[in-house]
Amino acid sequence: MSSLPAEQTWMILVELLTDLRRHKVQIPPSITRDIRLAKTTINFYKVDPTDPERLKEAKRMNEFLTSAQEALMALAECKGEEYSDSWLDKLRRAAQGEEVYPPKEDRSKFVVGAPPGFSMIRVNFKIPLAEDRVQEIAEYHNVIIEFEDDRLVAVYGDPKNLKLSLKELGTFFKEQI
């Protein structure tokens, strides 16, 4: 699935913002707000680009992107002409419809069929987990743990047991650092 030029622009701006932060450049909150609103508007528009109500959002989407782009490029110019030119080139290519970054598959996975009266949390780990260690936690804290893939688990149970099991699952995060 190819992405919209606006989505490519958004990805480049996020990458630029991240790179500027790595270079210890202070980013005004208005820029991150515009980038966040642009992504929300892009996602709203992508649901059905032929819907007249969603078409109206294209103007807002471009306004958010333009505002963020102008502000970030001004900050990039402070890092030097070569630095800003490299980012400007990426933005120009995206505006021409080129796929600069491959789109990420970010579909939400809605969990259907959670038992009534149970609460649920999802935990996403950086590296795969050993299923037997996780199942021990499930048995000890009286929760249900289902592996959605080797790094994503869904935990079901009452809120008190979920908190206890989450504390113990938190030790896996420390192991992954």
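Which ones in segment 14-32 are over 10 Å from Ala68 (Cβ atoms) and exposed (fewer than 13 other Cβ atoms within 10 Å of the Cβ)?
Answer for segment 14-32, where residues must be over 10 Å from Ala68 (Cβ atoms) and exposed (fewer than 13 other Cβ atoms within 10 Å of the Cβ): Thr18, Arg21, Arg22, His23, Lys24, Gln26, Pro28, Pro29.
For segment 72-92, state whether one or more residues are under 30 Å from Phe147 (Cβ atoms) and either more than 15 Å from the chain's Cα centre (by Cα) or hydrophobic (A, V, I, L, M, F, W, C) (or both). Spell out how you get there, then give the answer.
So the first thing to find is which residues in segment 72-92 are under 30 Å from Phe147 (Cβ atoms), and the list is none.
No.
Can you name the residue in segment 33-53 that is hydroxyl-bearing (Ser, Thr, Tyr) and crowded, with 20+ Cβ neighbours inside 10 Å and, of all such residues, is farthest from the chain's Cα centre (by Cα)?
Among those residues, the one meeting the criterion is Tyr45.
From the list Met61, Met11, which one is surrounded by 15 or more Cβ atoms within 10 Å (Cβ to Cβ) and farther than 27 Å from Asn124 by Cβ?
Values: Met11 fails: farther than 27 Å from Asn124 by Cβ.
The conditions single out Met61.
Since every read-out is calculated from the coordinates, none of them should be taken as a lab result. The structure presented is a predicted model; accordingly, all values stated were derived computationally and were not measured. Backbone-built Cβ (ideal geometry, glycine too); neighbour counts: all protein chains shown.
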